[in-house]
Amino acid sequence: MSIQLALDGVTRSFDGFKAINNLSLTVEKGELRAVIGPNGAGKTTMMDIITGKTRPDSGEVLWNQTVDLTRIDEAGSARLGIGRKFQKPTVFETQTVEDNIALALKDDRSVWATLFHRRSTEDTARITDLLELVKLTDHRTDMAGDLSHGQKQWLEIGMLLAQDPELLLVDEPAAGMTDAETMRTAELLRGIAGKHTVVVVEHDMDFVRALNCRVTVLHQGHVLAEGSLDHVSANDEVIEVYLGR
Ligand SMILES: Nc1ncnc2c1ncn2[C@@H]1O[C@H](COP(=O)(O)OP(=O)(O)OP(=O)(O)O)[C@@H](O)[C@H]1O
């Protein structure tokens, strides 16, 4: 396995407060990784730094062991193959589910094809595969606005996958989902890992357990513990600052 992402000694302060404090972590290509930690631990800031939204004051962020992400902006990181799913779903509500995916396909011509209802067989097959992957096959011709909150989240994940990202950063996907949707989301993310590297920030421990992956616990801007959920859950400091007794 090769390293996809490596943060080394990254620090970022806001008004003298170190939101990220000498943070080092690596993620392997194709890995599924959960990032947990209390409010204010620096999880969002870490994602902002990886995507070039926020620049660190010091430290290095290496992409595929070569590209320095601290010199790249959000558009640049998207071009490199870094996709980000924010917490709130943003889909085209008045378009069908399949058109949402079609509009997101990497191929620029797909926009015209969607507008003029001329879609290539290749695009149609890709849309079918993506809908299968995000569990929306039965909703293909539904309006996106009619989907449940959870289904909209899956659709947006499908739209990001249509861009074929190498790395997908996902921010609290389970928030607001039913228990059944939460479990299906874990299954979905497990299904796309391998082909894509997936980093998920989440608070829902049942969801993190269902991801069945390596877990990084952030606290005060650095890694407090890392390993299986059972391993980090047994760590006294993690229990103290996050999980509670
Ligand atoms: N642009 C900013 N300006 C000032 N302070 C900021 C800024 N962005 C983040 N912070 C501060 O940095 C700290 C880390 O915030 P961050 O949002 O990264 O934490 P988090 O782990 O994502 O928390 P949560 O679980 O609540 O989303 C917080 O104390 C926050 O107030």
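Can you tell me which residue within region 26-68, out of those that are free of Cβ contacts under 8 Å to residues at least 24 places away in the same chain and more than 9 Å from the ligand (Cβ to nearest atom), is surrounded by the fewest Cβ atoms within 10 Å (Cβ to Cβ)? Across region 26-68, the extreme among qualifying residues is 66.
State whether one or more residues within region 220-235 are touching a Phe, Trp or Tyr at 6+ places or on another chain (Cβ under 7 Å) and either touching a residue at least 40 places away in the same chain (Cβ under 8 Å) or in a strand (DSSP E or B) (or both). Explain how you work it out, then say what you get.
Step one: filter region 220-235 for residues touching a Phe, Trp or Tyr at 6+ places or on another chain (Cβ under 7 Å), giving none.
Checked against the condition, which is being touching a Phe, Trp or Tyr at 6+ places or on another chain (Cβ under 7 Å) and either touching a residue at least 40 places away in the same chain (Cβ under 8 Å) or in a strand (DSSP E or B) (or both), region 220-235 yields no hits at all.
Within region 188-207, is even one residue assigned to a loop (DSSP other than H, G, I, E, B) and buried (at least 18 other Cβ atoms within 10 Å of the Cβ)? Yes, that holds for at least one residue. Can you confirm whether residue 23 is assigned to a strand (DSSP E or B) and within 16 Å of the ligand (Cβ to nearest atom)? Against the criterion (assigned to a strand (DSSP E or B) and within 16 Å of the ligand (Cβ to nearest atom)), residue 23 qualifies. Among the residues that make up region 69-82, is at least one of them away from the ligand (no atom under 15 Å from the Cβ), at pLDDT 95 or above and within 15 Å of residue 157 (Cα to Cα)? Checked region 69-82: at least one residue is away from the ligand (no atom under 15 Å from the Cβ), at pLDDT 95 or above and within 15 Å of residue 157 (Cα to Cα).
Taking residue 9 as the residue in question, decide whether it is out of contact with any Cys (no Cβ under 7 Å at 6 or more places or on another chain) and either in a loop (DSSP other than H, G, I, E, B) or within 12 Å of the ligand (Cβ to nearest atom) (or both). Judged against the criteria, residue 9 is not a match.
The values are calculated or read from the model by the stated rules, or taken from the named source; none is laboratory data. Since this is a predicted model, take the numbers as computed values, not measurements. Neighbour counts run over all protein chains shown; Cβ positions are idealised from the backbone, glycine included.
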